[in-house]
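*Asks:* Below you'll find the structure I mean.
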Amino acid sequence: MADLAHRRGGADCRGLQARSAPPLRYLRDLVAEGHVGRVLSTSMLGSGGYWGATYDDSHAYLLDVTSGATLLSIPFGHSLDALAMVLGEFREVSAHMENLRPQVTHVTSGAVAGKSAEDQIAVTGLLESGAVAAMHFRGGTSRATQFHWEINGTEGDLVVKADQAQWRWGRLRLYGARGNDGALTELPVPPRYQRSLTQWTERSAEPAYNVAHEYALLRDQITGSLAPDTDGVPDFRHAVRRQGMLERIRAAARTGRKITLAQQGS
């Protein structure tokens, strides 16, 4: 599909809407402009929402690892893509993937079902920049932290928070501190990152919010009105590279070995 789309020369798009979120595009620019100085490390802690202790009829398919709809391929994959968009690709990875809840309970009937899909993923490694990175995603939800992402540098810190496990859908809050700042302060996203969708500003907690921004970028890419310094939407070739990295993470977990990655680009 990627080769066909490339040969046809048309615009194609994959649904990696997290990278279209205005707060993350602003975050990427802050990092590129040196807000934190040289990035030393980054850590991301998230919850999957699903793959926890219970299941319902609508999401029973998520229990089977062979369905392809897993903690790795969905919440972790979207989050990995967002991290790479902001900070660059991984250069090497080590990983653990575990299924610590092999049996789960139906939310209404109490029926017990087997689960083969992983519910814990922990990845550590080095980014192409040399920064140390750690990502940990848990199945289900957490009473403590649903989503927290830190970027630590020589001159400051940046933090992204969300109150819901499906963070790529809902409202993100961005915080920063640098220099002599004694504490983090919230960083409002400048209006220019809303593009032509200012009417959606008050609806940033809705699942369609970031998808709408991805469609707006695709529209501007098709019409040729995308600003020269603005990334377009991820295409099928990007998706192939990202899926390849997820498979390398799975291999690192299966073998227990650190894996060096070829330079992937964005």
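*Asks:* Obtain the nm distance between the two label points defined at His148 and Leu40 by a simple spin-label model: each point lies 7 Å from its Cα along the Cα-to-C-beta direction.
*Replies:* Distance between label points: 1.9 nm.
*Asks:* Here is a further query. So between Ala111 and Glu33, what do we pick up on full extension, going 0.36 nm a residue minus the alpha carbon distance?
*Replies:* In short, 22.7 nm is gained.
*Asks:* Once you order the gyration tensor axes a ≥ b ≥ c over the Cα atoms, which shape class does segment 116-187 get: rounded for a/c under 1.5, otherwise prolate or oblate by comparing a/b with b/c?
*Replies:* Oblate.
*Asks:* If the only charges are +1 at each Lys and Arg Cβ and -1 at each Asp and Glu Cβ, what is the size of the charge dipole of the chain around the Cα centre, to the nearest 20 debye?
*Replies:* So the dipole magnitude of the chain works out to roughly 340 debye.
*Asks:* Right, here's the next one. Can you compute 3J(HN,Hα) from phi for each residue in segment 90-99, using the Karplus curve 6.51 cos²θ - 1.76 cosθ + 1.60 with θ = phi - 60°, rounded to whole Hz and x for Gly and Pro?
*Replies:* Per-residue couplings from phi come out as 6, 9, 8, 9, 10, 8, 10, 9, 10, 10 Hz.
*Asks:* At 7 Å along Cα-to-Cβ for each site, give me the label-to-label distance between Arg219 and Ser129 in nm.
*Replies:* 3.2 nm
*Asks:* From the Cα gyration tensor of the chain, with a ≥ b ≥ c the square roots of its eigenvalues, which class applies: rounded if a/c is under 1.5, or else prolate if a/b is larger than b/c, or else oblate?
*Replies:* In terms of gyration-tensor shape, rounded.
*Asks:* Got a number for carbon plus sulfur as a percent of the chain's accessible area, 1.4 Å probe?
*Replies:* 50 percent
*Asks:* May I ask you to compute the full-extension gain from Asp181 to Leu246, defined as 0.36 nm times their residue separation minus their alpha-carbon distance, rounded to one decimal in nm? Numbers along the way, then the final one.
*Replies:* On the way: separation 65, 0.36 × 65 = 23.40 nm, distance 3.75 nm.
Once the chain is fully extended between Asp181 and Leu246, it gains 19.7 nm.
*Asks:* Taking only protein heavy atoms into account and a 1.4 Å probe, give the accessible area per residue of the chain in Å². Before the final figure, lay out the partial values.
*Replies:* On the way: 13100 Å² over 266 residues.
Here the residues of the chain average 49 Å² of exposed surface.
*Asks:* In terms of the Cα gyration tensor, with a ≥ b ≥ c the square roots of its eigenvalues, is segment 1-101 rounded because a/c is under 1.5, prolate because a/b exceeds b/c, or oblate?
*Replies:* Note, shape of segment 1-101 comes out oblate.
*Asks:* Still on this structure, please answer the following. Between His59 and Ser94, what FRET efficiency follows from the Cβ-Cβ distance if R0 is 30 Å, with the result rounded to 0.05?
*Replies:* About 0.50, to the nearest 0.05.
*Asks:* Related question: Taking amide H positions as placed 1.01 Å from N in the peptide plane, with prolines and chain starts having none, which residues 5 or more places from Phe147, or on another chain, fall under 5 Å of its amide H?
*Replies:* Correct list: Ala162.
*Asks:* Any idea which of Thr141, Ala253, Gly15 is furthest toward the positive side of the dipole for the chain, if Lys and Arg beta-carbons carry +1 and Asp and Glu beta-carbons -1?
*Replies:* Going by the charge dipole, the pick is Ala253.
*Asks:* So what is the relative contact order of the chain, in percent, for Cα pairs below 8 Å that sit 6 or more residues apart?
*Replies:* For the chain, the relative contact order is 28 percent.
*Asks:* Can I ask one more? Roughly how many nanometres apart are two label points built 7 Å out from the Cα toward the Cβ at Leu197 and Gln164?
*Replies:* If labels sit at Leu197 and Gln164, their model points lie 1.4 nm apart.
*Asks:* Something else: In the Gaussian network model of the chain, springs joining C-alpha atoms below 10 Å, which of Arg101, Arg254, Arg28 carries the largest mean-square fluctuation?
*Replies:* Result for the chain, Cα springs under 10 Å: Arg254 fluctuates most.
*Asks:* Kyte-Doolittle cut-off 1.6, length cut-off 27 Å along the helix's own axis using Cα: show which whole DSSP H helices in the chain pass. Don't skip to the answer; put the middle values down first.
*Replies:* Details: long enough: 236-255 (28 Å, -0.69).
Sorted by number, there is nothing, because no helix extends far enough and scores high enough.
The values are calculated or read from the model by the stated rules, or taken from the named source; none is laboratory data. A quick note: this is a predicted structure, and the numbers were derived from the prediction, not measured. Using ideal geometry, Cβ is built from the backbone for each residue, glycine included, and neighbour counts are taken over all protein chains shown. The area values use the complete protein model at the heavy-atom level, side chains included, leaving out ligands, DNA and RNA. Shrake-Rupley method; radii C 1.70, N 1.55, O 1.52, S 1.80 Å.
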